[in-house]
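The values are calculated or read from the model by the stated rules, or taken from the named source; none is laboratory data. Worth saying up front: this structure is predicted, and the values here are computed from it rather than measured. Cβ sites come from the backbone with ideal geometry, for glycine too, and all protein chains shown count toward neighbours. Heads up: the accessible areas ignore ligands, DNA and RNA and are worked out on the full protein's heavy atoms, side chains in. Shrake-Rupley method; radii C 1.70, N 1.55, O 1.52, S 1.80 Å.
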Amino acid sequence: MSELILDVRLDGFAEPAGVLVRDDRGALAFAYTAAHLADATALPVSLSLPLTDEPYEDVVSRAFFDNLLQERDGALADVMAREGLARDDIAGLLQHLGKDCAGALSVLPAGAPAVKVPGDYATDYVVFSEERLTSIIAALQERRALPEGTSDPSPLAGVQSKIALTLLPDGRLAEPNAGTGAPTTHILKVPDRAHLRDAAHEAATLGLSRQLGFETVEAEVFEKGGIAALLVKRFDRAHDGNGRVIRLHQEDFAQALGLPARLKYERHGADGRRFDAAAIKRVLDATADPAGERDRLIGATLFDLMTGNVDGHAKNFALLHEPGSRLRVAPRYDLLPTRLDAALTDELAFNIGAATTLSDITRADVDAFLQILGVAGAAARRRVAERHGRLIADGLGNALTNLDNTGMKTFADLIASNLRQLLPVLGLPIPEAARERDAFIGRGGGWLVS
């Protein structure tokens, strides 16, 4: 295997931020450039790769850059077959796919010009025709090849079919003109035929999150050709002083922790190398407001438990890198009540104390979870749990009737069953609207079943 040198670029910086090197044995190393380190506005590419003049060796470099590759296998398989590359040849794969990394980062052949630039609504985008957009959505639903000339949606993480596009100021959907490097502004997520209600359920869950005061991405159900998709506004986009679309540097918690994507669930990790409460605390402690972010994370965790979202893994939480190397947790996204799908596990993405499912959680587990996150004192932990639990439960209880009226009785039943399961653990009363509702019938043994 020959040595390979790639430039690592951050959108908004004229020069490469660093270099990624694969040696003749296949080992990776990453180092920041002297020019980037000398820039007063320099940002690290990751919390797991702080700014330093010392190179990072294979283990740390490999975990971060592997996370830049998509989780879906289509484009990877094509490049591996065409170029004769192995899946563990991260640099070799990024040489061909790195220009399309999600977010503000790109990985390019050494000396190549920047490929990501601000986008001008008037010149850098082409509007989708009705026929083309309908064809794209149908192809995504059927999990088949996209219409000719459409970029593969592979740079987007996750296993759902989705494509990045742009919502123009006049409300039309468009795609960047080929070769412009302009950013997209939205993600269109299209459920397959076995999950036709996913868009409505995710939109409802995101809406509940916003109503309860959590910073949450904007999203709406978008119907085309009889298919209900979800149009989600990207949280890593903004506008510059000229009204152009620009990218914001972000990374998910797996990248921030130096964990490969396959370790995004606690159950797949090992001591010192897993996504658990202690790892979450390390990320929150690095933000500009650790106490505030911790409090919001506790509320978000209880919200997920009550709404049946057990898929809050390390790639469904993200950090935004702000000027001055300040970090903050990104708005909430990818909130789907996964427990509505009987084919999916009821195991939590990260444990609450020793509990791995909602039905296992005890008051001691909640206390242990909050203690690991850094809430000092038993009385303080009780107050925090009760404050968040009461506010979220009351808000969700008030929303049940509206869910019924919008055709989501099963989702409302799931929420009510979860409230009846969790609130007694927290020593809180069950909202009247949830007391006598039908029990949600899930995978036997986990939820209240009748």
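I'd like the residue in the range 123-153 that is closer than 18 Å to Lys233 by Cα and part of a loop (DSSP other than H, G, I, E, B) and, out of all such residues, is modelled with the lowest pLDDT. Among those residues, the one meeting the criterion is Pro153.
Out of the residues in the range 236-263 that are part of a loop (DSSP other than H, G, I, E, B) and touching an Asp or Glu at 6+ places or on another chain (Cβ under 9 Å), which is most open to solvent (accessible area, probe 1.4 Å)?
In the first step, residues of the range 236-263 are kept if they are part of a loop (DSSP other than H, G, I, E, B); the result is 236, 240-244, 248-249, 258-260.
Adding the requirement that they be touching an Asp or Glu at 6+ places or on another chain (Cβ under 9 Å) leaves 242-244, 248-249, 260.
Details: Asn242: 125, Gly243: 35, Arg244: 85, Leu248: 56, His249: 11, Pro260: 5 Å².
Checked the range 236-263; the qualifying residue most open to solvent (accessible area, probe 1.4 Å) is Asn242.
Taken as a whole, the condition of being buried (at least 21 other Cβ atoms within 10 Å of the Cβ) and either touching a helix residue (DSSP H, G or I) at 6+ places or on another chain (Cβ under 8 Å) or part of a helix (DSSP H, G or I) (or both) applies to Leu396. Residue pairs whose Cβ atoms lie under 7 Å apart, separated by 6 or more positions or on different chains, with the first residue in the range 180-206 and within 30 Å of Ser106 (Cα to Cα) and modelled with pLDDT under 95 and the second part of a helix (DSSP H, G or I) and of a type in the set (Asp, Glu), are Pro191/Asp198.
Looking at Val19, Val8, can you tell me which residue is open to solvent by 30 Å² or more (accessible area, probe 1.4 Å), assigned to a strand (DSSP E or B) and touching a residue at least 60 places away in the same chain (Cβ under 8 Å)? Please lay out each step first, then the result.
Details: Val8 fails: open to solvent by 30 Å² or more (accessible area, probe 1.4 Å).
Every option except Val19 fails the conditions.
Any chance you could count how many residues in the range 196-220 are at negative phi and open to solvent by 60 Å² or more (accessible area, probe 1.4 Å)? I'd like the intermediate steps shown before the answer.
Start the filter on the range 196-220 by keeping residues that are at negative phi, which leaves 196-212, 214-220.
Subset that is open to solvent by 60 Å² or more (accessible area, probe 1.4 Å): 196-197, 210-211, 215, 218, 220.
Total meeting the criteria: 7.
For the range 414-432, which residues satisfy the criterion of being part of a helix (DSSP H, G or I), open to solvent by less than 50 Å² (accessible area, probe 1.4 Å) and over 18 Å from Leu336 (Cα atoms)?
Looking only at the range 414-432, we keep the residues that are part of a helix (DSSP H, G or I), and these are 414-426, 432.
Of the ones still in play, those that are also open to solvent by less than 50 Å² (accessible area, probe 1.4 Å) are 414-423, 425-426.
Across the range 414-432, the qualifying residues are Arg420, Gln421, Leu422, Leu423, Val425, Leu426.
The single condition from (1) charged (D, E, K, R); (2) under 21 Å from the mean Cα position of the chain (by Cα); (3) on the phi < 0 side of the Ramachandran plot that Asp334 fails is (3).
The residue pairs whose first member lies in the range 75-88 and is closer than 16 Å to Arg62 by Cα and among the basic types (Lys, Arg), whose second member is part of a helix (DSSP H, G or I) and open to solvent by less than 80 Å² (accessible area, probe 1.4 Å), and whose beta carbons are closer than 9 Å, counting only pairs six or more residues apart or on different chains, are Arg87/Leu76; Arg87/Met80; Arg87/Leu93.
Selection over the range 22-53 of residues that are part of a loop (DSSP other than H, G, I, E, B), touching a Phe, Trp or Tyr at 6+ places or on another chain (Cβ under 7 Å) and open to solvent by less than 30 Å² (accessible area, probe 1.4 Å) gives a count of 1. Evaluating Pro113 against the criteria (1) open to solvent by 10 Å² or more (accessible area, probe 1.4 Å); (2) touching a His at 6+ places or on another chain (Cβ under 6 Å) leaves one unmet condition, (2).
Yes or no: the range 110-122 includes at least one residue that is assigned to a loop (DSSP other than H, G, I, E, B), closer than 21 Å to Ala318 by Cβ and either touching a residue at least 40 places away in the same chain (Cβ under 8 Å) or among the small types (Gly, Ala, Ser) (or both). For the range 110-122, residues assigned to a loop (DSSP other than H, G, I, E, B), closer than 21 Å to Ala318 by Cβ and either touching a residue at least 40 places away in the same chain (Cβ under 8 Å) or among the small types (Gly, Ala, Ser) (or both): present. For the range 129-145, a residue qualifies if it is in contact with a Gly (Cβ under 8 Å, 6 or more places away or on another chain) and without any contact (Cβ under 8 Å) to a residue 24 or more places away in the chain, but none of them does.
Checking Phe440, Phe411 one by one, the residue that is of a type outside the set (A, V, I, L, M), under 29 Å from the mean Cα position of the chain (by Cα), part of a helix (DSSP H, G or I) and farther than 27 Å from Ala291 by Cβ is Phe411 and no other.
Any residue in the range 275-294 that's within 16 Å of Val384 (Cα to Cα) and in contact (Cβ under 8 Å) with a residue 24 or more places away in the chain: show its pairings with residues that are among the hydroxyl-bearing types (Ser, Thr, Tyr) and surrounded by fewer than 20 Cβ atoms within 10 Å (Cβ to Cβ) at Cβ separation under 6 Å, as long as the two are six or more apart or on different chains. Cβ pairs passing all conditions: Glu293/Thr287.
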